[in-house]
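Here the structure is laid out as structure tokens; the discussion comes afterwards.
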Amino acid sequence: MTLQLTLSRELEERLRQEAERRGQTTEAFALRLLAEHLPPPLDVRRAAAVAMLRQWQDEDAALSQEETTANADVLRTLDEDRPSYRKLFAALLKEETP
């Protein structure tokens with residue numbers, strides 16, 4: 001892909017100076033900056049999010065009964081202090097009741 005950008009004189013000079021300082025061409029340095037500062041592709045971020053959620057699920061499954069009860073107490077307290085009539089964790093807490 002060819003991309004043409006119009007840079008201010010100041011920005012162009014900063015880019016040129018930094019590329020020169022690093023011993024790179026201006027174009028190579030600009031490409032490196034883009035590659036380093038753009039976020040990863042969406043599929044990579046999605047995979048990382050799914051992995052994190054699975055880790056949390058595994059951690060929850062490994063909790064002792066005491067820890068599970070303490071977590072439920074925190075959620076219940078959050079719902080009780082919520083000014084809205086709509087509770088956020090009611091369904092989740094309903095699943096945990098014996």
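The values are calculated or read from the model by the stated rules, or taken from the named source; none is laboratory data. Every value quoted in this text rests on a predicted model; they were computed, and no experiment measured them. Positions of Cβ are generated from backbone atoms using ideal geometry, with glycine treated the same way; all protein chains shown enter the neighbour counts.
Worth pointing out:
- Meets criteria (in a helix (DSSP H, G or I), under 19 Å from the mean Cα position of the chain (by Cα) and either surrounded by 12 or more Cβ atoms within 10 Å (Cβ to Cβ) or touching a residue at least 24 places away in the same chain (Cβ under 8 Å) (or both)) for A35: no
- Flag for A72 being surrounded by 10 or more Cβ atoms within 10 Å (Cβ to Cβ) and in contact (Cβ under 8 Å) with a residue 24 or more places away in the chain: yes
- The set of residues in the range 1-11 being under 31 Å from the mean Cα position of the chain (by Cα) and either surrounded by 10 or more Cβ atoms within 10 Å (Cβ to Cβ) or in a helix (DSSP H, G or I) (or both) consists of L7, L11.
- Residue in the range 12-27 that is modelled with pLDDT under 95, exposed (fewer than 10 other Cβ atoms within 10 Å of the Cβ) and not aromatic (F, W, Y) present: no
- Filter result (of a type outside the set (D, E, K, R) and in contact with a helix residue (DSSP H, G or I) (Cβ under 9 Å, 6 or more places away or on another chain)) within the range 47-73: L63, T68, T69, N71, A72
- Evaluation of P40 against (1) at pLDDT 90 or above; (2) under 19 Å from the mean Cα position of the chain (by Cα) (one fails), failing number: (1)
- The set of residues from the range 48-98 being among the β-branched types (V, I, T) and in a helix (DSSP H, G or I) comprises V50, T68, T69, V74, T77.
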